[in-house]
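> Here it is: the structure, laid out below.
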């Protein structure tokens, strides 16, 4: 049956995956949030330069700091996941390796984000 | 697939390198490079949660000469990614796409990234009481 369709008709028949715009938009929304949160984070780290362990624990335990740190880690790693996904899609040729790399990327970024978030919460709630 | 051999558009190696191309690939490489910064942030948070000993190891490594060089590179990478990223957000709205403005915003992004990086490091040294 496909023999009777031109290549372009076949491509059109398949339609789009309808997920391209979502990836594009999420990358940009997380970029703007990253911009704000990382500037706050950079300023905080700079002002904590030379601070002792107790000062840093005190800082992390501030409820606003705790929430901002959790948001930063989640947003940052989601942005990294989206960005590195495009790099893998562009440069990894074989379909199998590509799929495997993308699964690994999702797992690694998820594990790192969870490590960061759990650490922040442990310090914040820890006695 | 179409069987006729159509002429392909000239690829990367045909063009003379320009600022716009350099910044485009720099945005990608600094994005990958900055991921290393995210890894260090997580390491720091894990070290803080693990206790004073782990934190002092983290602090020793990151404040060593090699640690500072790597952190300076990552700061520059993050700031350049941030500035070229903002430039991309502007271009996403259809602005700054003509050659002259595009070149100006490109130079502005590089200058801003260097100023921000140096500013953060000078401030960090000042807060640490080293200058």
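> Check the stretch A:69-80 and report whether any residue there is more than 8 Å from every other protein chain (Cβ to nearest Cβ), touching a residue at least 12 places away in the same chain (Cβ under 8 Å) and farther than 26 Å from residue B:32 by Cβ.
No, every residue in the stretch A:69-80 fails to be more than 8 Å from every other protein chain (Cβ to nearest Cβ), touching a residue at least 12 places away in the same chain (Cβ under 8 Å) and farther than 26 Å from residue B:32 by Cβ.
> If residue A:66 satisfies all but one of (1) crowded, with 17+ Cβ neighbours inside 10 Å; (2) facing chain B (nearest Cβ under 10 Å); (3) modelled with pLDDT of 95 or more, what's the number of the condition it fails?
Result: residue A:66 passes all but (2).
> I've got another one for you. Which one of these does residue B:75 not meet: (1) surrounded by fewer than 20 Cβ atoms within 10 Å (Cβ to Cβ); (2) modelled with pLDDT of 95 or more; (3) within 11 Å of chain A (Cβ to nearest Cβ)?
Answer for residue B:75: the failing condition is (1).
> Which residues, counting only those in the stretch A:90-115, are loosely packed, with under 12 Cβ neighbours inside 10 Å and part of a helix (DSSP H, G or I)?
Across the stretch A:90-115, the qualifying residues are A:90, A:91, A:95, A:96, A:97, A:103, A:104, A:107.
> Mind counting the residues in the stretch B:1-58 that are farther than 30 Å from residue A:28 by Cβ and away from chain A (no Cβ under 11 Å)?
Counting residues in the stretch B:1-58 that are farther than 30 Å from residue A:28 by Cβ and away from chain A (no Cβ under 11 Å) gives 9.
> Suppose we filter B:130, B:118 for residues that are part of a loop (DSSP other than H, G, I, E, B), surrounded by fewer than 19 Cβ atoms within 10 Å (Cβ to Cβ), within 13 Å of chain A (Cβ to nearest Cβ) and out of contact with any strand residue (DSSP E or B) (no Cβ under 6 Å at 6 or more places or on another chain); which single one remains?
Going through B:130, B:118 in turn, the sole match is B:130.
> May I ask you to verify whether residue B:22 is in a helix (DSSP H, G or I) and surrounded by 17 or more Cβ atoms within 10 Å (Cβ to Cβ)?
No; evaluated as a whole, the condition is false for this residue.
> Now for a different question. Considering B:18, B:44, B:31, which residue is at pLDDT 95 or above, within 22 Å of the chain's Cα centre (by Cα) and over 25 Å from residue A:121 (Cα atoms)?
B:31
> Checking the condition closer than 19 Å to residue A:41 by Cα and either part of a helix (DSSP H, G or I) or in contact with a strand residue (DSSP E or B) (Cβ under 9 Å, 6 or more places away or on another chain) (or both), which residue from B:106, B:73 passes?
Sole residue among the options that is closer than 19 Å to residue A:41 by Cα and either part of a helix (DSSP H, G or I) or in contact with a strand residue (DSSP E or B) (Cβ under 9 Å, 6 or more places away or on another chain) (or both): B:73.
> If you don't mind, there's one more thing I want to ask. Taking the condition of being facing another protein chain (nearest Cβ under 8 Å) and part of a helix (DSSP H, G or I), how many residues in the stretch A:44-63 meet it?
7
> Additional query: Taking residue B:80 as meeting all but one of (1) closer than 24 Å to residue A:32 by Cα; (2) more than 9 Å from chain A (Cβ to nearest Cβ); (3) over 15 Å from the mean Cα position of the chain (by Cα), write down the number of the exception.
The failed condition is (3).
> So, one more: Just wondering, is there one or more residues in the stretch A:74-85 that are in a helix (DSSP H, G or I) and loosely packed, with under 15 Cβ neighbours inside 10 Å?
Within the stretch A:74-85, not a single residue is in a helix (DSSP H, G or I) and loosely packed, with under 15 Cβ neighbours inside 10 Å.
The values are calculated or read from the model by the stated rules, or taken from the named source; none is laboratory data. Note that the structure is predicted; figures quoted are calculated from it, not measured. In this analysis, Cβ positions are derived from the backbone assuming ideal geometry, glycine residues included, and neighbour counts consider all displayed protein chains.
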